[in-house]
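Everything on this sheet refers to the single structure shown next.
The values are calculated or read from the model by the stated rules, or taken from the named source; none is laboratory data. All figures in this text were calculated on a predicted structure; none of them were measured in a lab. In this analysis, Cβ positions are derived from the backbone assuming ideal geometry, glycine residues included, and neighbour counts consider all displayed protein chains. Protein only, heavy atoms only, side chains kept; ligands, DNA and RNA dropped before computing areas. Shrake-Rupley method; radii C 1.70, N 1.55, O 1.52, S 1.80 Å.
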Amino acid sequence: MSYIYEGVILLISQKSVYNFNAGPSALPREVLEKAQKELVDFKNSGMSIMEMSHRSAAYEEVHNQAIQRLRSLFAIPENYEVLLLQGGASLQFAMIPMNFLTSGKKAGYIMSGAWSDKALKEGKTIGDVFEAASTKETNYNRVPSLADIQFDDKDAYVHITSNNTIFGTQFQEFPDTGDVPLIADMSSDILSRPIDVSKFGMIYAGAQKNLGPSGVTVAIIRKDLLENANVEIPAILKYSTHSSNNSLYNTPPSFGIYMLGEVLGWMEQQGGLEQIAKNNEAKATLIYDVIDESNGFYTGHAEKDSRSLMNITFRLADEQLEKQFLQEAKEAGFVGLNGHRSVGGCRASAYNAVPFAACQALQQFMLNFQAKNQ
Ligand SMILES: Cc1ncc(COP(=O)(O)O)c(C=O)c1O
C-alpha cells in the first residue's frame with residue numbers, strides 16, 4: 001500500500017511478524033514510525049539527520065539528549081562517564097584490557113557462555129587473564145554461583161557477562177568485588193531492569209538488542225578508572241580520548257545515536273525501568289510456564305534460578321520435531337526462533353521492545369503445537 005504523507009510517498013508494508021530475533025532485534029513500532037516521519041526532513045531543517053554535520057547544533061542536541069536519557073533512565077551517578085562508541089561489544093573485549101590491564105596486573109573473567117569466552121580470548125592477546133569461575137562443564141546451563149568466583153584484591157578488574165544471549169542464562173545478583181572494578185558486558189540485558197550502577201567499574205553494551213540499531217556501543221565508565229588507564233595505546237582506542245571529546249572525537253554513528261535517543265524516550269514513556277522490568281518478567285513467564293507445564297514436551301536449557309528474561313532457550317524431544325516446530329512457527333509469522341547455530345534448539349528473545357501480545361501469541365502457538373504433536 002502507498003499513500004501521500006506531507007508530499008512524500010511512503011510505502012507501508014502491511015506484513016507484520018512476531019519478531020523474536022536475538023539481535024539485531026525488535027525495535028518499538030512507535031519509534032520506527034517516528035523515524036520514518038522524520039527521515040527526510042529532520043525538524044524542518046530540509047535534510048535528514050544522516051545528512052547533517054556531526055558538529056551542527058541540531059545534531060549535538062540529539063547526541064546530548066541520548067546521553068542525558070541514558071543517565072536519567074539508568075540512574076548513572078555523576079562520577080561515571082557515558083560514552084557512545086563504535087565497533088560493537090566485540091571491540092570492547094579488546095579495549096577493556098588495552099586500557100585497564102596494566103602491566104604486572106591480572107584480570108579475572110567469569111565464564112558463563114560463548115561471549116565471556118570471546119572476551120577472555122581477546123584479553124589473553126593483551127595480558128594476563130584467568131578464569132575467575134566457569135560453568136562450562138554443564139554446557140553453561142547456569143551462571144556460576146557468586147560464592148565460587150575467585151579473584152585477588154590486586155587484580156585489574158573482574159569481567160562478567162550479565163546475560164548470556166546464546167545459552168539463555170542471566171545473573172540475578174552480582175558479585176561484590178570490593179575495590180576490584182567489576183566490568184559487565186550487558187549487551188543483551190542493558191536497561192531491561194534497574195541496576196545499581198555504582199557497583200560496577202564499567203558497563204558496556206552493543207545497542208542492537210535493547211537500545212536501538214547496531215553500530216552504537218554504550219560504555220559507562222567510572223571516572224577514576226579513566227584517570228589510571230594505560231596511556232601507551234593509540235588515541236582511538238583510549239577511553240579518555242572519547243570522554244574528553246564527548247564521544248565526538250571522530251564522526252559518530254549519528255543515525256544510530258538518533259535512534260538510541262528515540263528508543264530511550266520510548267522507555268521513559270513506558271514508565272522507566274521499574275515498569276519495563278515488570279513487563280519483561282510477565283512476558284518471559286508466559287513462555288516459561290508453557291515449558292514447565294508441558295510434561296517434558298519442551299525442556300528449558302537453563303536451570304530455573306539462572307533463567308534469562310531476555311533469551312528463553314528450549315528444546316523439543318528430537319531434532320526432527322524441532323525442525324517441524326520451527327517450520328510451522330515460521331509459517332505462522334514467528335521470526336528468529338532458531339537457537340544459536342552453536343547450540344541448536346530454539347530460542348525466543350523477548351527484549352524490551354517485543355510486545356506482550358507477541359509473547360501471548362507464541363505461548364498459544366506452543367500450546368497448540370504440543371496438543372497436536374505429543
Ligand atoms: C552478551 C553479548 N556480548 C557481546 C556480543 C557481541 O556484540 P557485537 O556483535 O556488538 O560485537 C553479543 C552479540 O550478540 C552478545 O550477546
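Residue pairs whose Cβ atoms lie under 9 Å apart, separated by 6 or more positions or on different chains, with the first residue in the range 23-36 and open to solvent by less than 20 Å² (accessible area, probe 1.4 Å) and the second among the acidic types (D, E), are P28/E262; V31/E262; A35/E262. In the range 30-68, the qualifying residues are those that are part of a loop (DSSP other than H, G, I, E, B) and of a type in the set (S, T, N, Q), and the one that is farthest from the chain's Cα centre (by Cα) is S45. The set of residues in the range 70-108 being in a strand (DSSP E or B) and away from the ligand (no atom under 13 Å from the Cβ) consists of Y80, E81, V82, L83, L84, K106, A107, G108. If you go through the range 341-362 and keep only what is open to solvent by 40 Å² or more (accessible area, probe 1.4 Å) and under 22 Å from the mean Cα position of the chain (by Cα), you end up with R341, S342, V343, P355, F356, A357.
Table: residues versus (1) within 11 Å of the ligand (Cβ to nearest atom); (2) surrounded by fewer than 16 Cβ atoms within 10 Å (Cβ to Cβ).
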{"position": "P144", "(1), (2)": "no, no"}
{"position": "D148", "(1), (2)": "no, yes"}
{"position": "F151", "(1), (2)": "no, no"}
{"position": "A156", "(1), (2)": "no, no"}
{"position": "N164", "(1), (2)": "yes, no"}
{"position": "F167", "(1), (2)": "yes, no"}
{"position": "Q172", "(1), (2)": "no, yes"}
{"position": "T177", "(1), (2)": "no, no"}
{"position": "V180", "(1), (2)": "no, no"}
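When the test is whether a residue is open to solvent by 10 Å² or more (accessible area, probe 1.4 Å) and at pLDDT below 95, Q320 does not pass it. Taking the numbered list (1) hydrophobic (A, V, I, L, M, F, W, C); (2) part of a loop (DSSP other than H, G, I, E, B); (3) more than 21 Å from L362 (Cβ to Cβ) in turn, L27 passes all entries but (3).
Of all the numbered requirements in (1) hydrophobic (A, V, I, L, M, F, W, C); (2) within 18 Å of the chain's Cα centre (by Cα); (3) closer than 22 Å to R307 by Cα, I220 misses one, and that requirement is (3).
Checked against the criterion of being surrounded by fewer than 15 Cβ atoms within 10 Å (Cβ to Cβ) and outside any helix (DSSP H, G or I), the candidates E281, E274, E232 yield just one match: E232. In this structure, A302 does not qualify as open to solvent by less than 50 Å² (accessible area, probe 1.4 Å) and assigned to a helix (DSSP H, G or I).
Every listed requirement among (1) away from the ligand (no atom under 15 Å from the Cβ); (2) under 25 Å from G344 (Cα atoms); (3) of a type in the set (A, V, I, L, M, F, W, C) is met by I160 save one, (1). Of all residues in the range 145-157, those that are under 23 Å from A302 (Cα atoms) and in a helix (DSSP H, G or I) have Cβ atoms under 8 Å from Cβ atoms of residues that are open to solvent by less than 60 Å² (accessible area, probe 1.4 Å) and among the aliphatic types (A, V, I, L, M), 6 or more apart or on another chain, in D148/A133. Put simply, of G113, G87, G123 the only residue that is closer than 21 Å to N163 by Cα and more than 20 Å from the chain's Cα centre (by Cα) is G123. Sub-7 Å Cβ pairs linking a first residue in the range 185-214 that is away from the ligand (no atom under 15 Å from the Cβ) to a second residue that is assigned to a loop (DSSP other than H, G, I, E, B), at least 6 apart or interchain, are V197/F74; V197/A75; V197/I76; V197/P77; S198/P77; K199/F174; G201/P181, ordered by first then second residue. In the range 363-374, which residues are in a helix (DSSP H, G or I) and open to solvent by 60 Å² or more (accessible area, probe 1.4 Å)? Within the range 363-374, Q364, L367, N368, A371, K372 qualify. What is the residue count in the range 328-357 for residues that are among the polar types (S, T, N, Q) and farther than 24 Å from E293 by Cβ? Residues flagged as among the polar types (S, T, N, Q) and farther than 24 Å from E293 by Cβ within the range 328-357 amount to 2. Among residues of the range 118-132 being in contact (Cβ under 8 Å) with a residue 24 or more places away in the chain, surrounded by fewer than 22 Cβ atoms within 10 Å (Cβ to Cβ) and part of a strand (DSSP E or B), the one that is farthest from the ligand (Cβ to nearest atom) is D128. The numbered conditions (1) within 12 Å of the chain's Cα centre (by Cα); (2) acidic (D, E); (3) surrounded by fewer than 24 Cβ atoms within 10 Å (Cβ to Cβ) are all true for D189 except (3).
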